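Reviewing the structure listed below.
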Amino acid sequence: MQGILVRLRGFEKSDAEAMNRWASDEDVVRWHGPPDWPASRAQQERYIERANTADSADKAFAIETLDGKLVGDCGLRKIDWKSRKAEFFITIGEKQLWDKGFGTDALRIVIRLAFDKMNLNRLWLTVLADNPRAVRCYEKCGFVREGLLRQESFVDGKYRDVHMMALLREDYDRTRGA
Ligand SMILES: CC(C)(COP(=O)(O)OP(=O)(O)OC[C@H]1O[C@@H](n2cnc3c(N)ncnc32)[C@H](O)[C@@H]1OP(=O)(O)O)[C@@H](O)C(=O)NCCC(=O)NCCS
């Protein structure tokens, strides 16, 4: 599944090394909550195995640039087929590549997948309120803030507020003139 800058693909076992490096980088994982203990390559391999299981309720993908460099991962979890909704998550693990549009491009691919192929109705996510880069990325793709969860997450010694954000299918249809 291809965008303008990146494509999404399934995970390969060989992705575990880079993913372990990202999971061990506090600059990267602090945005998802605290890295309470060091990650391991074995953990990443188990994650990849689970992600590649066909009946998994989560769908996770590797993000690579069009010239084949692995830069991050993203996907949908808590897929709810009755209410037709799922939670979006993303990491551009190569932090020197932040702010180059890769995250926004990957999210746009997942939005198309969610609405055009999986027939979902609602994509939602939570994001630390003091993560303006991520908030901007989500807003560029049409997500709106639905609420503020006060002191929801304890990160780096402090309770932090978290935004609840979502994109509805009707918003998506409106922006593409459907
Ligand atoms: C959040 C993340 C996925 C975004 O991906 P990315 O490729 O870096 O983002 P993009 O380049 O597509 O967009 C980032 C936007 O934020 C803007 N931005 C960066 N820092 C900012 C700041 N301090 N305040 C406001 N906007 C900021 C950029 O200028 C860009 O907007 P623009 O295109 O209008 O100029 C990526 O940075 C990442 O994985 N970060 C670490 C993990 C993380 O935060 N995951 C999300 C958890 S909810």
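Computed from the coordinates by the stated procedures, all read-outs in this text should not be read as laboratory data. Just so it is clear, the model here is predicted, and its values are computed rather than measured. Cβ sites come from the backbone with ideal geometry, for glycine too, and all protein chains shown count toward neighbours.
What is the distance in Å between the Cα centres of the range 39-57 and the range 138-176?
Measuring centre to centre over Cα atoms gives 26 Å.
Using the reciprocal of the averaged 1/r over all distinct C-alpha pairs, how large is the Kirkwood radius of the range 6-175 in Å?
16.6 Å
Using Cα pairs under 8 angstrom and six or more residues apart, how large is the relative contact order of the range 6-175, in percent?
Result for the range 6-175 is 19 percent.
What is the distance, in nm, between label points placed 7 Å from the Cα along the Cα-to-Cβ direction at SER14 and at GLN2?
Result for the modelled spin labels: 2.0 nm.
Convex hull over the Cα atoms of the range 77-155, averaged projected area in nm²?
Its average projected convex-hull area is 6.0 nm².
Which residues' amide hydrogens lie under 5 Å from the amide hydrogen of VAL71, considering only partners 5 or more residues apart or on another chain, with H built in the peptide plane?
Amide H neighbours of VAL71: ILE63, GLU64, THR65.
Take the Cα of ARG84, step 7 Å along the line toward its Cβ, and report every residue of the range 103-121 whose backbone nitrogen sits under 17 Å from that point.
Residues passing the 17 Å test: 111-121.
Under 13 Å from the Cβ of TRP124, count the other residues' Cβ atoms, weight Lys and Arg +1, Asp and Glu -1, and hand me the total.
+3
Rounded to two decimal places and with Rh computed the Kirkwood way over Cα pairs, what is Rg over Rh for the range 1-76?
My calculation of the ratio gives 0.97.
Could you work out the pair-distance distribution P(r) of the range 115-178 from its alpha-carbon pairs, with 10 angstrom bin width and percents rounded to whole numbers?
Binned Cα distances yield the sequence 21, 45, 24, 9, 1.
How far apart, in nm, are the 7 Å Cα→Cβ label points at LYS158 and ASP130?
Result for the modelled spin labels: 0.2 nm.
With θ set to phi - 60° and the Karplus curve 6.51 cos²θ - 1.76 cosθ + 1.60, what are the ³J(HN,Hα) couplings of the range 67-72 in order, to the nearest whole Hz, using x for Gly and Pro?
Karplus-based 3J(HN,Hα) across the range 67-72 equals 9, x, 8, 5, 10, x Hz.
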